[in-house]
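The values are calculated or read from the model by the stated rules, or taken from the named source; none is laboratory data. In this text the structure is predicted, and so the values were computed from the model without any measurement. In this analysis, Cβ positions are derived from the backbone assuming ideal geometry, glycine residues included, and neighbour counts consider all displayed protein chains. These area figures cover heavy atoms from the full protein model, side chains too; ligands, DNA and RNA do not enter into them. Shrake-Rupley method; radii C 1.70, N 1.55, O 1.52, S 1.80 Å.
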Amino acid sequence: MTRKICILLAALMALSGTALAATLTIPDILTLTYPDGWEDCGADDRDDMANEYYNLGFIAGPGDTDLNLSVDLYYFPEFADIRLFEVDEQGTLDYADWLLSDYGGELIEIRRVGAHEIPFAILEIEDSYGPCYIAETLTNGWDLCLSAYAYADARYDDSRELTQADLAQFLQIVDSIVPIVN
């Protein structure tokens, strides 16, 4: 009987998606967990602009056509007094509408993450690089943005269409976010 239970649990774990095993820590901001075997490519600060934009990290799946995820931080002074986790549901939807007015695309959901129930607007968009999933939240004018896309082949010129499996993997990473509270 115990062996049957172990086999059943193993099968359920295999069906539930990719196991998350590696951790990305962005000092003073957050940690997130991503699939074992992915590469932590680090932050790319070439385009950083002090107090406006920072690339915080980039992680990539092991295959040429696997999902890639960028973590970025933008500052919007007009939202300096807004802490999205303190506003009501309508305020969160207004923020999502503001994002959609900028990006276009479609709102997939407002997702509340972790013990702090941080609200993330989850969007599906198409930008100049191709199809992309976006997760964004805002506090004190700082917009935390996770964007996920995948290349069509090893040339890394074109992005491929994203799948429901890609979305599930992306949401699993978003769900793993834990803010670093000092």
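Listing for the model above:
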| read-out | value |
| --- | --- |
| Computed label-point distance, nm, for sites ALA168 and GLU117 using a 7 Å Cα→Cβ extension | 2.7 |
| Built amide H within the under 5 Å cut-off of LEU20, gap 5+ | none |
| Share of carbon and sulfur in the accessible heavy-atom surface of the stretch 51-163 [1.4 Å probe, %] | 47 |
| Length added when fully stretched, LEU100-ALA154, from 0.36 nm per residue minus Cα-Cα | 16.4 nm |
| Theoretical gain in end-to-end length, ASN140 to ASN55 [0.36 nm per residue, Cα-Cα removed] | 28.8 nm |
| Structure-based [θ]222 nm, the chain - -39500 (n - 2.57) summed over DSSP H runs of at least 4, per residue, nearest 500 | -7000 deg cm²/dmol |
| Distance between modelled label sites at THR65 and ASP44, nm, 7 Å Cα→Cβ extension | 2.2 |
| Acute angle (nearest 10 degrees) that the helix 89-103 long axis makes with the longest principal axis of the chain, alpha-carbon atoms | 90 |
| Per residue, in Å², the accessible surface of the chain once ligands and nucleic acids are set aside, probe 1.4 Å | 57 |
| Computed label-point distance, nm, for sites ALA22 and GLN90 using a 7 Å Cα→Cβ extension | 4.5 |
| Angle between the chain longest axis and helix 2-15 axis [Cα atoms, degrees, rounded to 10] | 40 |
| Label zone at LEU107, where the point sits 7 Å out along the Cα-to-Cβ direction: the stretch 130-171 residues whose backbone N lies under 20 Å | 132-148, 171 |
| ³J(HN,Hα), Karplus 6.51/-1.76/1.60, whole Hz, each residue of the stretch 154-163, x for Gly, Pro | 6, 6, 6, 8, 10, 8, 9, 4, 8, 10 |
| Computed FRET value (nearest 0.05) for ASP81 with TYR129, which takes r as the C-beta separation and R₀ as 45 Å | 0.85 |
